[in-house]
Structures are given as C-alpha cells and as structure tokens.
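Have a look at the structure below before the remarks.
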Amino acid sequence: MQGNFITTRLNAMLGWGRKYSLFHYPFVTACCGMEYMSAACAHFDIDRFGAGWTRFSPRQSDLLLVVGTISQKQAPVLRTVYDQMTEPKWVIAFGACAVSGGIYDNYAVVQGVDQVIPVDIFIPGCPPQPEMVLDGLIKLQDKIQKTKQDWRWKKQRS
Amino acid sequence: MEETTILEALKRRFPKGVVDASAPLGDATIVIRKDALLEIIPFLKEKPYEFAMLLDLTCVDYPERAERFEMVYHLFSLAANRRLRIKLSVPEDAAVVDSLVRFWKNADWLEREVFDMFGVRFAGHPDLRRLFMNDGFVGHPLRKDYPLRKRQPMIPLRK
C-alpha cells in the first residue's frame, strides 16, 4: 500500500511537471500564425501556463503546434517533424485548416492533420481567438495531468 | 478610343491570325488563331506598341466547347501604359501551344503551371515539368473533369 501511494504521487508529480513545462514547436504554415503570435506574445502570454518556450527544433520540444493549412506535399515533412520529437509528446491542431482542411476541400490539402499524425487537442476557428488557444492549452494540461505518465526508464528496466 | 485604334491596326496587320477584336469593359482583347501566336507576339513586343511585360499567362477549361482550353495572355506596355489581352483556343487532342519563353523569361514558370494544372503542352519550352504538384501526381487538377474530392496523398494516411 505504501508503494502504491508513492507511485500515484510520482505519477501526479510527473504530470504536474510536464504540464507546466511544455516546450512547443510551432509548425506555422498559414495565416493562423498571426493568431499564434498574438497568443504567444505579451498580450495573452502563454508563458503564464508554462508554455512560453518556443523551440525551433523538434528534437527539443514536446508540444507540436500545427498552425495552418497542411498540403499533401507538406504531409511527409510534418510526419518527419513529429517523428523527430522525443517522447512524451503532444500535438495541438490549431485552426480550421489543421483540424479538418477548412475551406480547402480540394486535391491539394490534407483534410485534417490527424490523417498524418495523432492529435491531442483540436482548436477550431478561422482563425481561433487567443482565448480559445489558451482554453485548448489548459485542456491539454488537464489531459497531461490525468494520463498515466510514460515512465520510460522504469519500463525499459522491467 | 486608343483601344479601338490598336485593335483595328492589329486586325489590319494580321487579317488571318486575328479572329476577333473587342474591348469589353474597356479592356482591349484579341482572339487569335493558335498558329498565329509566334507571328503576333514579336510584332507586339517591338515599336510602336512595346508590350514589354508579360503580366500573366493562364488557361481556362471550357468542357462544353469544341476546342476545350482557352489560353489567356495579359501583356502590358510600360512605354504606352496600355494593356492587351490575347486569347486563343486549344483543342484537347492537340493541346500544344508555342512557348513564349524566348520572349519573356517569366513565361517559363507560368507555362509550367499551366502544364501542371491543365495538361497543355508548350512547344519549345526548355524544361516542361510540373511546377506545383509532386512528380508522381496523376492527372491535371484544374481540369473540370478532375474529381473534386480525389486525393493523391504522398504518404499513407492514418484513416
């Protein structure tokens, strides 16, 4: 029973640590980028939620923000970026185009990035307001806190 | 008006090549025969007209017409501050038009775009490859008979 107590506390602590230290990689391809900038900069300030660090290398980040339209030609690039990120990692589809292809129901555009990579949070809107982005970020934090943490070094030993 | 004088002059100079000349909404437009293109373009580029710029070159698909594609060229004369639109019809079974790369370098990518999207070929083009779509893409997406929701993903999709 003592062991269980320690494990659940450790799980909660890892979740707490992870949800407040999201390093995000912005995969910005379109006009939603302006809304991303306003969410990330001083006015709305995602740094309040511990997601202030923008890493321009997928290898150093654990939150992938797919901001904007993803064309079929970009899909392999997005997949490579996602594969380069180290576990644990999360993905937010930012804006209508990333969620579902948006108005671009045509030959060139991927109809939602979940066709290419797994997505945790979908933020609709064309473009979404910064408040919606913050709401999505808080929901992702809830999700991170509630999930069983991937305790990689323990898994490998057992 | 100025527009009508240039249209009249072109009709007189190329009685066979220029099929129709009009100025809808004040924009000078000539419709020419496909094989007269290489004859008319150098004439327009020299004095007195000096259409030095090729503003745009594009194509329209009219599936109901006998000659399905219509090429549209937009020229601009810096010297006279004047525009001219040239149209010519292209049949689907012989979708080849003479390339204008030797006159304007920007025609290179514009013609590659038209080839990519409509499948119209350009005789004399130095490097006629697809411009936007990937090399493995089948078909020409801006043709009206290309299925609207046909997808050709480059990687296998998850669902």
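What follows draws every value from the coordinates through simple rules; no lab data is involved. Note that the structure is a prediction, hence the values are computed from the model and not measured. Cβ placement follows ideal geometry from the backbone for every residue including glycine, while neighbour counts extend to all protein chains displayed.
Counting Cβ atoms of other protein chains within 10 Å of each residue's Cβ and taking the mean over peptide A:104-111 gives 5.
Note that segment B:125-131 has calculated 3J(HN,Hα) couplings of 6, x, 8, 7, 10, 5, 9 Hz, one per residue in order, obtained from phi through the Karplus relation 6.51 cos²θ - 1.76 cosθ + 1.60 (θ = phi - 60°); glycine and proline are x. Each principal axis of the Cα cloud of chain B was evaluated for its coordinate range; sorted largest first, these ranges are 61, 32, 27 Å. Sorting A:94-102, B:44-52 by average packing, meaning the other beta carbons within 10 Å per residue, from highest down gives A:94-102, B:44-52. Under the membrane-span-like helix rule (DSSP H runs whose alpha carbons stretch at least 20 Å along the helix axis, mean Kyte-Doolittle hydropathy -1.0 or higher), chain A yields A:2-19, A:130-146. Of the residues A:LEU65, A:CYS41, A:SER100, the one whose Cα sits farthest towards the positive end of the charge dipole of segment A:34-158 is A:LEU65 (charges of +1 on Lys and Arg Cβ, -1 on Asp and Glu Cβ, taken about the Cα centre).
Looking at the protein assembly as shown, the DSSP beta bridges with both ends there are about 50 percent antiparallel.
Under the criterion of Cα pairs below 8 Å and six or more residues apart, the relative contact order for segment B:2-98 equals 24 percent.
Write down Rg/Rh for the protein assembly as shown, rounded to two decimals, with Rg from the C-alpha atoms and Rh from the Kirkwood relation over Cα pairs. List each step's numbers first, then the result.
On the way: Rg = 28.1 Å, Rh = 23.8 Å.
Computed over Cα atoms, the ratio is 1.18.
Springs join every pair of Cα atoms under 10 Å in this Gaussian network model of chain A, and among A:LYS19, A:LYS73, A:LYS143 the largest mean-square fluctuation is at A:LYS73. Amide H contacts of B:VAL97 (H built 1.01 Å from N, in plane; Pro and chain starts excluded): B:ARG121, B:PHE122, B:ALA123 sit under 5 Å, all sequence-distant by 5 or more or on other chains. Under the rule of at least 5 residues apart or a separate chain, name every residue whose amide H is placed under 5 Å from the amide H of A:PHE23. Long-range HN contacts for A:PHE23: A:ASP62, A:LEU63.
Residues of B:148-157, mean number of Cβ from any other protein chain within 10 Å of their own Cβ, rounded to a whole number? Present the calculation step by step, with values, prior to reporting the outcome.
Values: counts 3, 4, 2, 8, 3, 7, 9, 10, 4, 8.
Neighbouring Cβ atoms belonging to other protein chains average 6 per residue here.
Kindly work out what percent of the DSSP beta bridges joining two residues of segment B:2-98 are antiparallel, to the nearest 5. Walk me through the intermediate numbers first.
Working: 21 of 25 bridges.
Here the antiparallel bridges make up roughly 85 percent for segment B:2-98.
Working from label points 7 Å from Cα in the Cα-to-Cβ sense, the A:THR147 to B:ARG65 distance is 5.5 nm. Solvent-free Debye calculation, one equal scatterer per alpha-carbon of segment B:1-71: log10 I(q)/I(0) at 0.12, 0.22, 0.23, 0.27 Å⁻¹ equals -0.36, -1.17, -1.25, -1.45. Build a GNM of chain A with springs between Cα atoms under 10 Å apart, and of A:GLN111, A:GLN72, A:GLN145 the one that fluctuates most is A:GLN72.
I'd like to compare B:101-110, A:28-37: which one has the highest average count of other Cβ atoms within 10 Å, and what's the full order after that?
Highest to lowest by the protection proxy: A:28-37, B:101-110.
Couplings 3J(HN,Hα) of segment A:104-111, computed from phi: 8, 8, 8, 5, 9, 10, 5, 7 Hz, in residue order, whole Hz [Karplus 6.51 cos²θ - 1.76 cosθ + 1.60, θ = phi - 60°; x for Gly and Pro].
With springs only between Cα atoms under 10 Å, which of A:VAL91, A:VAL77, A:VAL66 fluctuates most in a Gaussian network model of chain A? Its mean-square fluctuation being the largest, the pick is A:VAL77.
Report the convex hull volume per residue for chain A, counting only C-alpha atoms, in Å³.
On the way: hull volume 17.3 nm³, N = 158.
Given the Cα convex hull of chain A, per-residue volume reads 109 Å³.
Here the Karplus curve 6.51 cos²θ - 1.76 cosθ + 1.60, taken at θ = phi - 60°, turns the phi angles of segment B:24-40 into couplings of x, 6, x, 9, 5, 9, 10, 9, 10, 7, 4, 7, 8, 4, 6, 8, 7 Hz, with x standing for Gly and Pro. Once backbone amide H atoms are built at 1.01 Å from N, B:ALA21 has B:VAL31 as its partners under 5 Å, excluding neighbours fewer than 5 places away on the same chain. Using a cutoff of 8 angstrom between alpha carbon atoms and counting only pairs six or more residues apart, the relative contact order for chain A works out to 25 percent.
If both residues of a DSSP beta bridge must be in segment A:24-137, then about 5% of such bridges are antiparallel.
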